Structure formats: structure tokens, C-alpha cells
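What follows is a set of notes on a single structure, which appears directly below.
Every number here is computed from the coordinates shown, using simple stated rules; none is lab data. Here the structure is a predicted model, which is why all the values come from computation and not from measurement. Ideal geometry is used to build each Cβ from the backbone, glycine not excepted, and the neighbour counts take in all protein chains shown.
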């Protein structure tokens, strides 16, 4: 029996090479590969006689000489050396590949690190530029706001100074007119006294005062005005008495209009709209010019802000809508001036804390 497992490695590879089979693997795999090839050739692997098999018989029977033994040992040593060399070359090649792979990975890591550093630097620089640009833009906007507030403050100051001058002039004019009116009243009183002596009306002769009729939306304002003036003249009322009598005579929406004042939290537009509605209800038959004049006068008297009242009186507005526009502009300028003053008062405190 000639078992292929008993063959030396070199003999085993030679048998495989003869059959053009792969010779790289361990001995068990090579033996199995050779047995399979013999079976394919129609031979019995256990009875097949391989070249050099007689030497094996000689070794087993004790007829193997020393020279043959040495030759076999040299062959085995050469074969082992060859195997060691091949294995060493394979391991060296594998180590070389591992080293090259490690170097490639190291190089890739280095490139990734450099790329990451460049990207980080680029992003940092971009962020710095964005922050710088945003800061410069906000600084410019703040500067523009300060300039606008300064301009508004100057305009308001100029308007206040101009209005103060006009108020003084108006007060002086009013004083002169008051003196003139007083003189005229005194003159009229004297003339009225003389007229009474010459032709005293029936009501005064009897000691009665003419009663002013009540005014509501049912009566024409022009008709009522004529009646009111006649009664006031007959009763010898001065300006204050006339105003008091007129207030007492008002009924319904007319009375509400006369007593209208700006409520807390009520805007300029809301006040104007309500006064315009009440004026139309109170004087439906009056001409538009009279209604607008009445609405304007009521609007100015109803305002809570005394500075705004003076500003409107000095502006000499003739229509309600113009007075409303003037009031809104005045309030905006006043609010802007307050905001500027508040920001300036807060700034020294912040600087003191820092």
C-alpha cells in the first residue's frame, strides 16, 4: 500500500505539478487534492505506486543505506529551508503590505487633519468677517438713528421756541383785544341803558328775563342762533353769561358734544371721529363750514395735552382733518424726544457700572 500521506512534501508537490494542480497549501489539503486527482484518473490512491516509493520501503525494511539517508536528509533540509524561505517571504510581503497600508492610512489621516484645519480656519475667518460686517452695519444704523433723533429734537425745539414766541404775541394781542372789548362793552352798556330809557322792551319793563329755548337736533342752528342772540341782547348778557346760557340750553347730542373730553387711553383718531359724529347729529341742518368750525373748536378743547392745545391754536388750522394730522405729528415728535432723553439718561448709568 502506498498512502500519499507518506510522501514527502517535495514529492507531493511534484506529483501535483505533473497533473497541473495547485501546489500551495498545507500537506493535508495537498494530499486530499492528489487523492481526488488519482480517483479521477481511475486509479486507486491506496495501491498507486509513486516515484521514490521504493526508498520508503527501504527505510521501512532497514535496507536504506547511510548515503541514501544523508541524501534524504539533505533533500528534506533543502525542502524545509525552501518552505521557511517561502513562508518568510510571504510574511515579509504581508508585513510590507501592512506597512504600506499603515503609511497610506497615516497619510490619509494627515490629509484629513490638514483639510480639517484649513476648513476650520476658513470657517473661523468667515465667521469673523460676518460678525465684523454685522457689527459695522448695526453701528451705522445706530448712528443714523442718533442723527435722526438729533434732527427731530432740533426741529421740536425750534417749533417749541417758535410757538412760545407766537403764544407771547397772541397773549399780547389778546390783552389788547380784551381791553378793546371791555371798552366796547362799556360803551354798549351805556348805549343800552340809554336805549332802555327811550324804549324798554315789554319783558324788561315787567321785570321778567327772556328764557332761551332749548337746542336739539330737531331745530335749525341758524334759526336757533337768531333766537339766542335776540334773548341774550334783551337780557343784557355778557360773554360769560351767554356761554353759560348756551350750555344750559343744549340737549341730547349737542350737550354731549359741548361736554366732550378726551378719555384716558383714547387715541387722537378715535376722539376726532366721535366729535365729527356728534357734530353731524347736533347740527344736521347747518352748513358744512359751521359744522367743521364747531368740530375743530370742540376737538381742541377736548384734548388732554395742554402743549398740544397751544400748538394747535398757534398753527391756525381751519379744518378738523388738518388738526388731526398736526396732532399726530406733534405726538410722534414728542415721543421721539422722550425716547432720546431716556436713552441718554440710561447711558451714564451703564458707563458708571462698567
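How much length is gained on full extension from residue 41 to residue 80, taking 0.36 nm per residue of separation minus their Cα-Cα distance?
11.0 nm
With a Förster radius of 41 Å, plug the Cβ-Cβ distance of residue 329 and residue 238 into 1/(1 + (r/R0)^6) and report the FRET value to the nearest 0.05.
0.60
Would you mind getting me the FRET efficiency between residue 20 and residue 94? Use the beta-carbon distance for r and R0 = 35 Å, nearest 0.05.
After rounding to 0.05, the efficiency reads 0.80.
Given 0.36 nm per residue, what is the gain on full extension from residue 264 to residue 172 after removing their alpha carbon distance, in nm?
Extra length from residue 264 to residue 172 when fully extended: 29.7 nm.
Provide the gained length on full extension for the span residue 119 to residue 304, in nm with one decimal, where the gain is 0.36 nm per separating residue minus the Cα-Cα distance.
Extra length available between residue 119 and residue 304 comes to 60.2 nm.
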